[in-house]
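No value in this document is a laboratory result; all are computed from the given coordinates. Everything quoted here is computed from the prediction, not taken from an experiment. No Cβ is skipped: glycine too gets one built from the backbone with ideal geometry, and neighbour counts run over all protein chains shown.
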Amino acid sequence: NEIPTLSLLYKLNRIPIASDQASSYEPNVAYNDKISIIKQDITSLAIDAIVNAANESLLGGGGVDGAIHRAAGPDLVEECRTLDGCEAGDAKITDGYELPSKKVIHAVGPRWYALSAPDAEAKLKSCYRRGLELAVENDLKSIAFPAISTGVFSYPNVKACNDALTEVREFLDEGKGDGLQRIIFCNFLQKDQDIYYKHVSKHFPPV
Ligand code: ADP
């Protein structure tokens, strides 16, 4: 069984994507044509929503948070100031401003070192669920997640991958993601891309 390339799936689903990026897409793993795993700068994605791995202040930070704020321009932090922060495990939505993505969903991941493992796991899973819920509530069709909490927040990479895939699978199995056309796991590091490729088939067997 040939695994379709992401660019082919994008064409099939007519999800706009910056064409100059297409050649860098790696083959993806499909589940109901809905799940993609890519290694990419998330700020380059021209989709409905990218998820930010934010902190409680929602006012910017390092890592992917800094990259998203730089690419979105200063209007993003202005809107974020009106949101009154966000608790770990929750998420809030804003416009995308100068980003190619229409919306940004700011999810606050758990700090691995500050919580018990079960509490951190529950909060990480909640970030993915809240991201998907906000996408559905706002009638968005495509969403990309970074590897939330695996940077400065030190969540172990393999566990983060399995927890994210478990929660997204559960959300879809509950029938809550039927309106979503594309859920992208957008890795920045080759290490995470390799981990996702290794573990995805346990959660999303190839169709
Ligand atoms: P956290 O504080 O939640 O750990 P970080 O931003 O430190 O957030 O790291 C989360 C993940 O985001 C890491 O895997 C990091 O490599 C990745 N990352 C950093 N920049 C980008 C980017 N431009 N696009 C996608 N992922 C990114």
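Couple of notes before you dig in:
- Under the Karplus curve 6.51 cos²θ - 1.76 cosθ + 1.60, θ = phi - 60°, whole-Hz ³J(HN,Hα) for the stretch 110-126, x wherever Gly or Pro sits: x, 7, 4, 6, 9, 9, 5, 4, x, 5, 4, 4, 4, 6, 5, 4, 5
- If R0 is taken as 22 Å, the Cβ-Cβ distance between residue 174 and residue 154 corresponds to a FRET efficiency of 0.15.
- Phi angles across the stretch 138-144 convert, under the Karplus curve 6.51 cos²θ - 1.76 cosθ + 1.60 with θ = phi - 60°, into 3J(HN,Hα) values of 9, 6, 8, 9, 9, 9, 10 Hz, Gly and Pro given as x.
- The C-alpha radius of gyration of the stretch 79-207, expressed as a fraction of 2.2 N^0.38 Å, stands at 1.03.
- Here the peptides 115-128, 46-59, 166-179, 93-106 are ranked by packing, the mean other Cβ count within 10 Å, and the order with the highest first is 46-59, 93-106, 115-128, 166-179.
- The amide H of residue 155, built 1.01 Å from its N in the peptide plane, has 112, 150 as neighbours under 5 Å, considering only residues 5 or more places off or on other chains.
- Summarising the amide proton neighbourhood of residue 187: residues at separation of 5 or more, or on other chains, whose placed amide H is nearer than 5 Å comprise 38, 39, 40.
- Förster radius 22 Å - calculated FRET efficiency between residue 191 and residue 114 (Cβ-Cβ, nearest 0.05): 0.45
- One chain, two ends: residue 122 and residue 78. Fully extended at 0.36 nm per residue, the span grows by 12.8 nm beyond their Cα-Cα distance.
- In order through the stretch 127-132: 3J(HN,Hα) via Karplus (6.51 cos²θ - 1.76 cosθ + 1.60), integer Hz, x for Gly, Pro: 4, 5, 5, 5, x, 5
- Backbone amide hydrogens, once placed in the peptide plane, bring residue 101 within less than 5 Å of 47, excluding anything fewer than 5 places away on its chain.
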